Amino acid sequence: MTDFKMADRLASLPPYLFAEIDRVKNEVKARGVDIISLGIGDPDLPTPDFIIEALYKAAQKPENHQYPSYVGLRTFRAAVSSWYKRRFGVDLDPDNEVVSLIGSKEGIAHFPLAFINPGDLALVCTPNYPVYNVATGFAGGVTKFLPLTDERDFLPDLDAVSDAEWEKAKMIFVNYPNNPTSACAPLSFYEKLVAKARDTNTIVVSDAAYTEMYYDPADKPPSIFEIKGAKDVAIEFHSLSKTYNMTGWRIGMAVGNETLVKGLGKIKENCDSGIFQAVQEAGLAALEHGDAHAEKNRQIYKERRDLLMAGLKKIGISCREPKATFYCWCKIPQGYASSQAFVTKVLQETGVVVTPGNGFGLPEAGEGYFRIAMTVGKERIEEALSRLAKF
Ligand code: MLT
């Protein structure tokens, strides 16, 4: 009889949020309930045809059947650099300041291994994408959570971090447009953050996966690199997943400070063997020719958002109107002990899957909230609203 004990780093992990939701969802589904999934941020719309065609062509090239380059195809990295220039006015050297990723999650999960030593401190704005603090822990680091609150427009209070903590902190994770709260950060926030990071030799990890999911051109989210001096301290993670409906393809990129990009590349060299080059060629097509598609997506999500906002208002569920991302961060109605209790009851009684706010990083930061992902069509949103209204 074997007795394998998992490593301590796994024992201390909470269940991965979306895996846990899937488990409850499958139980309810097994009872024959028609599930409407507004849980995970996984676009329901297909990848555009021109990207699939680019993959098909690239998959036929024998040179793409061998190991890919570790840092990514030069042509893909050059396309990332051109896209950043066109979209944000930012210059990036494709040879030293861009690395391709198997999705931004992979890059974020590996990054702390390159710069965190056991006992080092990382600042994580919370509620948050759970990978930031989990990856910090995997590297032996310690997380200090910076709460994001409605009163502060879900921006961290950088002045609330003591000088000693800034000095000690190795890195700070920020994510705007924000998952799960949908908040956006103005340039003035990045300006202050970059200044602070430069003063205290702190790495800024900016997760910018949702910058293309905005609803009004006036709210177009910036990149941290629009701030002068940001390249001295920052690395930005981006993804093709949400912009081009490509979550299943696993392709993203990290850009910015050369040392930070190189450090991440070193970890990756030892963990993976790059991205299938045909997928990179398809990604290149997305970056070069995908602007019209991204605009079409924005229109679709805007219609969904407007429908959802009007419906939630009627039911009496309080929620800020998102200016970006496809998430709505809603307050749980009174009378429920916790976010978890509310979403479990909703799922069991209506078949509608939403995500409990306390599953995003520090539990108390998101307690009292739940997140809706607008990842179904308008008819299904209407159906979900009508079930919620009855509930
Ligand atoms: C989410 O639902 O928060 C995201 O889909 C997770 C992810 O992008 O990995």
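The values are calculated or read from the model by the stated rules, or taken from the named source; none is laboratory data. Being a predicted model, the structure only gives us computed values, none of them experimental. Cβ atoms come from the backbone with ideal geometry, glycine included; neighbour counts cover every protein chain shown. Remember, those area values only see protein heavy atoms, side chains included, never the ligands or the DNA or RNA. Shrake-Rupley method; radii C 1.70, N 1.55, O 1.52, S 1.80 Å.
Tell me whether region 55-192 comes out rounded, prolate or oblate; compute the Cα gyration tensor, take square roots of the eigenvalues as a ≥ b ≥ c, and use a/c under 1.5 as the rounded threshold. Since a/c reaches 1.5 and a/b is larger than b/c, the shape of region 55-192 is classed as prolate. In order along region 148-160, the phi-based Karplus estimate (6.51 cos²θ - 1.76 cosθ + 1.60, θ = phi - 60°) of 3J(HN,Hα) comes to 9, 10, 3, 4, 9, 6, 6, 10, x, 8, 5, 6, 7 Hz; Gly and Pro are listed as x. Other residues lying with their Cβ under 13 Å from the Cβ of residue 366 contribute a combined charge of -1, Lys and Arg counting +1, Asp and Glu -1. Could you work out the relative contact order of region 213-305, using alpha carbon pairs under 8 angstrom and six or more residues apart, expressed as a whole percent? Normalised by residue count, the contact order of region 213-305 is 28 percent.
Shown here for region 1-30: chymotrypsin sites (Phe, Trp or Tyr not before Pro) in loop regions (DSSP other than H, G, I, E, B) with at most 15 other Cβ atoms within 10 Å, namely 4, 16.
A helix-only calculation puts the chain at -13000 deg cm²/dmol for mean residue ellipticity at 222 nm, using -39500 (n - 2.57) for each DSSP H run of at least four residues, averaged over all residues. When the inverse distances between all different Cα atoms of region 312-391 are averaged and flipped, the Kirkwood radius reads 12.9 angstrom. Rolled with a 1.4 Å probe across the full set of protein chains, the surface gives residue 143 an accessible area near 40 Å². Straight Cα distances below 17 angstrom link residue 231 to the aspartates and glutamates 91, 93, 95, 97, 191, 199, 207, 258, with same-chain residues fewer than 8 positions distant left out.
Solvent-accessible area of the chain (1.4 angstrom probe, protein heavy atoms only): carbon and sulfur portion equals 53 percent. Between rounded, prolate and oblate, where does region 203-294 land on the alpha carbon gyration tensor, with a ≥ b ≥ c its root eigenvalues, rounded for a/c under 1.5, else prolate if a/b exceeds b/c? In terms of gyration-tensor shape, oblate. A cut-off under 14 angstrom between Cβ atoms defines the neighbours of residue 314, and their net charge, with Lys, Arg +1 and Asp, Glu -1, is +1.
Going by Cα centres, region 325-373 and region 7-22 are how many Å apart? Between the Cα centres of region 325-373 and region 7-22 lies a distance of 18 Å. Taking 319, 330 and ordering them by how much accessible surface each has at a 1.4 Å probe, largest first, produces 319, 330.
Please say if the chain is rounded, prolate or oblate, where rounded means a/c under 1.5 for a ≥ b ≥ c the square roots of the C-alpha gyration tensor eigenvalues, and otherwise the choice is prolate for a/b larger than b/c and oblate otherwise? Rounded, because the longest to shortest axis ratio a/c is under 1.5. Placing R0 at 22 angstrom, the Cβ-Cβ distance between residue 12 and residue 164 gives a FRET efficiency of 0.30 after rounding to 0.05. Once C-alpha pairs closer than 8 Å and six or more residues apart are averaged by separation and normalised to the residue number of the chain, the relative contact order reads 24 percent. Mean silhouette area of region 56-110, derived from the convex hull of its C-alpha atoms and averaged over all directions, reads 4.9 nm².
Amide hydrogen proximity for residue 352: with H placed 1.01 Å from N in the peptide plane, the residues at 5 or more positions away or on another chain lying under 5 Å are 36. If you take all other residues with their beta carbon under 14 Å from the beta carbon of residue 272, and give Lys and Arg +1 and Asp and Glu -1, the sum is +2.
Residues whose amide H falls under 5 Å from that of residue 332, counting only those 5 or more places apart or on a different chain, are 369, 370, with hydrogens built in the peptide plane. Remark: relative contact order (region 1-146) = 15 percent; criterion is Cα-Cα distance under 8 angstrom and separation of 6 or more residues. Per-residue surface analysis assigns residue 192 an accessible area of about 90 Å², computed on protein heavy atoms at 1.4 Å probe radius.
Per residue, the accessible area of the chain comes to 44 Å², computed with a 1.4 Å probe over protein heavy atoms only. Provide the per-residue ³J(HN,Hα) series for region 232-244, in order, calculated from phi with Karplus coefficients 6.51, -1.76, 1.60 and θ = phi - 60°, each as a whole number of Hz, with x at glycine and proline positions. Values per residue, Gly and Pro as x: 5, 10, 10, 10, 10, 9, 9, 8, 8, 4, 8, 5, 10 Hz. Computed 3J(HN,Hα) for region 278-288, one whole-Hz value per residue from the Karplus formula 6.51 cos²θ - 1.76 cosθ + 1.60 where θ = phi - 60°, is 5, 5, 5, 5, 5, x, 4, 4, 4, 5, 7, glycine and proline marked x. Distant-in-sequence amide contacts of residue 144, defined by a placed amide H-H separation under 5 Å and a gap of 5 or more residues or a different chain, comprise 122, 123, 124.
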